[in-house]
Each structure stands twice: as structure tokens, then as C-alpha cells.
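The values are calculated or read from the model by the stated rules, or taken from the named source; none is laboratory data. Computed from a predicted model, the values in this text were never measured in an experiment. Here the Cβ is made from the backbone with ideal geometry for all residues, glycine too, and neighbour counts use every protein chain on show.
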There are 2 protein chains.
Amino acid sequence: MYAMDTFQYKYQRAATRVTILAHLFGVLAIVLMLVWLLHYRGGLDLDSDNPYLIFNVHPFLMFFGFIFMAGQAMMAYKTVRAGRTEQKLAHAFFHSVALCLGIVGLHAVFKFHDKRNISNLDSLHSWIGITTFSLFCLQWLFGITVFLFPGGSDYARTRASPWHVSGGRALLYMAICTALTGLMEKVTFLGLQHHREARLINFLGFAILIFGITVDISVVLSRYI
Amino acid sequence: MYAMDTFQYKYQRAATRVTILAHLFGVLAIVLMLVWLLHYRGGLDLDSDNPYLIFNVHPFLMFFGFIFMAGQAMMAYKTVRAGRTEQKLAHAFFHSVALCLGIVGLHAVFKFHDKRNISNLDSLHSWIGITTFSLFCLQWLFGITVFLFPGGSDYARTRASPWHVSGGRALLYMAICTALTGLMEKVTFLGLQHHREARLINFLGFAILIFGITVDISVVLSRYI
């Protein structure tokens, strides 16, 4: 009666558009991040003697390495035009890249804290961040075990799928919250509130937020199809 | 083959449990917020001569008045044990309460800024916050017009429903991001990083985050049923 086929077609078109938007805002966030770190913060270098250049690796890798790559993994079922198996492998591959680069990004901030004798894991940002990353590792192990191991039962996969998807989406939002609290902490700590740099960081935060929302909507719309 | 009835029953049970969890964490967040504002920050009073007591109305009303009430509205289809019409009215009622108390909460922070001669809408927190609240107002108007006005067409409602739900969930996460960046800004600005108060605020932030996630999962699971 409600012409469901028309709906499905519209969702499919909407999903494609939202996925393109997600890529635009993701790339915008990477560009704004690099402008911020290279122009205002002196660049990034994990092996530098300057602890601030070591620190700068942290925001870059936690967004580009972790959040952006995990977003690519989440959208792989929409973006990878191949069979289901290839899509699953792309999903696992991007998440594995996110895991590795995320570890390097976390290493950078711990190294910075050590060099500057700052205690670790004090702030709300770090609490949410470390929880998100730990749960991400569990979700990754869970995903590999249930969905990728040959011989996993179809019954277990069907049962686990909604939890895997809901959990992944919750983790995406937790990662976005972590990124935004991190930027907020940095701006306030540096006392930049009325500087041009703060406005750049606000736009960066917004781009990250819209990336998160569009990735999420892309996943939801793809599931309606 | 996969015994979908068993799945549906399990989702229903899981949805009930997650909804209870959402209430527990919501109430925990309200309690922690009140301990923070009353014990550490001198209380809250919109008509005070002390601008800081005026400010304190802002975090309280933006969580208890806006986010918590909007969460109740989102879960009304699960928590209100009555007909569909009563559930819809409860959904609209809670969202209207959230709208009104949110406006008072916003008024409090603008009044504080005026009294202290601080410029408005400079921070990432305020940018995300004002965007979220504006979109919430549009979503409220849209909801009233499409779903509540007698004579709204079923076709329009079926077509608008996924956008209304997805949009609402995205707004919930934006509101959570706003709350967490606000807490992060306050702790860093006050230089509380190593104080006991900061740890209380971290727990408060975590409770707000878990409230948001559980409300969202409750809505998703209810839709799987």
C-alpha cells in the first residue's frame, strides 16, 4: 500500500548521499587537523626532543588513524563494491588498521606525559578515551572470533549481529565524545578561547562531530535497505 | 529456521533491562550533579547576586531539564504501558518539558556571561550546544506538525518516521557531546585536574555518557521488536 519499493530506493539513494557526506567531512577534519598542528602547533614528530611535537601525534592519529579508519570499516558494506566476503575482509582490515594506529596514538600521549612528568589518566577525556579503546579491542576480538573465523555458526552470527552493530555504533559515538572533550581540554588549557586558533579548533570539532553522525546514519540507512 | 520468536522475546527482555539501566544511570547523574553543585559549587539560584550561583543552574537544567527529559520522551514508547495514542502524547509531553527547561537553562548561562562580561558562544561546547538546541526546536516543530496534528496523513508519517527517529538519536548524541565538553571545559578552566572535585565530575560525565548510550540502545532494541 505504501509502495515499499519506492521507500527502499529512496533509502538507498539517501544512504549513498550520506556516505559521500561522511567522506567529505572526514577529509575536511583531517585537513583542519593538519592546518592546526602544522601551522599553529609546530608540526608532529614521535621521535622529537620537543615533547609538544610528540603530543601532536596523538590528536592526529586518534582521528585519522583510529576514528576515520574505524568509520571506513563501518561504511565498508556500503563503499566496497564487491561480494559479501570481500566487504567483510575490508571491514576487518580497516578496523585492524584503526587498532594499530590507535595504539601508536595512545603511545604518543603517554610518552608526552612521561617527558613532562604529567600524571596519566586524570581527565574525563582520558577516562572516556581509555574505556572506548579497551572496549574497541574487545569488540575487535569478538568480531574476529564470531564473524571471521571459518566454521563460525550461522546461528551465532545472526544472534550476535545486532549486538555487534549496536555496540560498534555506541563505540563510534564514545570515540567522537572523546575527540571533542580532548579538543575542548586543549583549547581551555592553552587559554586560547578568544584566539583565531580556537575558532579553527571549533570548526575541526564540528567536522569530527558531523563525520560521526553521517557515518552512523549511513550505517542505519544501509540496514533499512 | 533461526527461531525468530525466541529472538524477539530476547530483544524485548534486553530492551526492558537496558531501559532500567538508563533510568539508573540518569538518576545517578542527577545525584552526582547535585552533589557537585551543592557541595562543591555553593548551590544554584537563578535570581542570585552571585553570578556563579546563576551559572550553576545551567548544567543542572541542561542535564535534568533537557537531556534527561528528552531521554524519557524517547523511551516513552517502552515505559508508558498504555495505548499508542497515550504513548505519543507522553512522548510529546516530555519533549515539551525538555524544550521549556532547556530554554531556562540556556537563559542561565547567558545571564551569567552578561553579569561577568564574558562574550557568548565562543567555545566548541557552546557551538555544538546551540546547534543541538536549535535543531531540537526544529525537530519538535516537525514532530508536532507531522505526527501529532490530527489529520496528518499515514503516508507522510510512515515516510517521515525513520528520519524522525534517526534525527532524534543523532540529537541525543550531540547533546551528550555538549554535556561532556561543558564538563571538560569547566574542570580545565577551574584548574581542578588533580582535585577530588575533578574525579566527581569525571564520574558525572561517565554517568551522562552511559545514560545516553542506554537510552539509544533501548530505542534501537524496541524497534527490533
Next on the checklist: Here are the criteria: (1) among the β-branched types (Val, Ile, Thr); (2) under 29 Å from A:VAL35 (Cβ atoms); (3) at pLDDT below 90. Tell me which single one A:VAL187 does not satisfy.
Outcome noted: (3)
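Got at least one residue in the stretch B:35-50 being in contact (Cβ under 8 Å) with a residue 24 or more places away in the chain, closer than 23 Å to B:PHE133 by Cα and not aliphatic (A, V, I, L, M)?
Going residue by residue through the stretch B:35-50, those that are in contact (Cβ under 8 Å) with a residue 24 or more places away in the chain are B:35-36, B:40, B:46.
Within this subset, residues satisfying the condition of being closer than 23 Å to B:PHE133 by Cα are B:46.
Now restrict to residues that are not aliphatic (A, V, I, L, M): none.
Within the stretch B:35-50, not a single residue is in contact (Cβ under 8 Å) with a residue 24 or more places away in the chain, closer than 23 Å to B:PHE133 by Cα and not aliphatic (A, V, I, L, M).
Just name the residue that is farthest from the chain's Cα centre (by Cα) out of those in the stretch B:192-201 that are facing chain A (nearest Cβ under 9 Å) and at pLDDT below 95.
Across the stretch B:192-201, the extreme among qualifying residues is B:HIS194.
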Checklist entry - Just one of B:PHE68, B:PHE64 is buried (at least 16 other Cβ atoms within 10 Å of the Cβ), free of Cβ contacts under 8 Å to residues at least 60 places away in the same chain, among the aromatic types (Phe, Trp, Tyr) and closer than 27 Å to B:ARG169 by Cα; which is it? => result B:PHE64
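Residues checked against (1) touching a helix residue (DSSP H, G or I) at 6+ places or on another chain (Cβ under 7 Å); (2) over 22 Å from A:SER222 (Cα atoms); (3) more than 14 Å from every other protein chain (Cβ to nearest Cβ):
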residue: A:THR6; (1), (2), (3): no, no, no
residue: A:GLY26; (1), (2), (3): yes, no, yes
residue: A:ILE30; (1), (2), (3): yes, yes, yes
residue: A:ASP47; (1), (2), (3): no, yes, yes
residue: A:PRO51; (1), (2), (3): yes, yes, yes
residue: A:PHE55; (1), (2), (3): yes, yes, yes
residue: A:LEU101; (1), (2), (3): yes, yes, yes
residue: A:GLY105; (1), (2), (3): yes, yes, yes
Item to check | Lone qualifier among B:HIS58, B:HIS107 - being surrounded by fewer than 19 Cβ atoms within 10 Å (Cβ to Cβ), assigned to a helix (DSSP H, G or I) and more than 13 Å from the chain's Cα centre (by Cα) | outcome: B:HIS107
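Listed residues A:LEU135, A:LEU221; which is more than 7 Å from chain B (Cβ to nearest Cβ) and more than 20 Å from B:ASN202 (Cβ to Cβ)?
When all the criteria are applied, what remains is A:LEU221.
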Item to check | Number of the exception - B:SER126 against (1) within 13 Å of another protein chain (Cβ to nearest Cβ); (2) under 24 Å from A:LYS10 (Cα atoms) | outcome: (2)
Checklist outcome for this item: Only unsatisfied item for A:ASP216, checking (1) more than 10 Å from every other protein chain (Cβ to nearest Cβ); (2) touching a residue at least 24 places away in the same chain (Cβ under 8 Å), is (1)
Checklist entry - Across the stretch B:147-174, which residue is surrounded by the fewest Cβ atoms within 10 Å (Cβ to Cβ) among those that are within 21 Å of A:LEU209 (Cα to Cα) and away from chain A (no Cβ under 11 Å)? => result B:HIS164
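Between B:ILE118, B:ILE144, which is over 15 Å from the mean Cα position of the chain (by Cα), farther than 21 Å from A:LEU209 by Cα, within 14 Å of another protein chain (Cβ to nearest Cβ) and among the aliphatic types (A, V, I, L, M)?
On the way: B:ILE144 fails: within 14 Å of another protein chain (Cβ to nearest Cβ).
Only one candidate passes the filter, namely B:ILE118.
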Checklist outcome for this item: Pairs returned, first residue in the stretch B:175-187 that is more than 8 Å from chain A (Cβ to nearest Cβ) and under 13 Å from B:ILE130 (Cβ atoms), second residue that is part of a helix (DSSP H, G or I) and hydroxyl-bearing (Ser, Thr, Tyr), beta-carbon separation under 7 angstrom, 6 or more apart or interchain, are B:ALA175/B:THR132; B:THR178/B:THR132
Checklist entry - Quick one: in the stretch A:71-92, which of the residues that are assigned to a helix (DSSP H, G or I) and of a type in the set (A, V, I, L, M) is surrounded by the fewest Cβ atoms within 10 Å (Cβ to Cβ)? => result A:LEU89
Checklist entry - Taking the stretch B:202-213 as the search range and keeping residues that are surrounded by fewer than 24 Cβ atoms within 10 Å (Cβ to Cβ) and under 13 Å from B:LEU32 (Cα atoms), which one is farthest from the other protein chains (Cβ to nearest Cβ)? => result B:ALA207
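Somewhere in the stretch A:36-54, is a residue outside any helix (DSSP H, G or I), in contact with a Lys or Arg (Cβ under 8 Å, 6 or more places away or on another chain) and modelled with pLDDT of 95 or more? Steps first, please.
Residues of the stretch A:36-54 that are outside any helix (DSSP H, G or I), as a first pass: A:41-50.
This time we only want the ones that are in contact with a Lys or Arg (Cβ under 8 Å, 6 or more places away or on another chain), so: A:46.
Now narrow it down to the ones that are modelled with pLDDT of 95 or more: A:46.
Within the stretch A:36-54, one or more residues are outside any helix (DSSP H, G or I), in contact with a Lys or Arg (Cβ under 8 Å, 6 or more places away or on another chain) and modelled with pLDDT of 95 or more.
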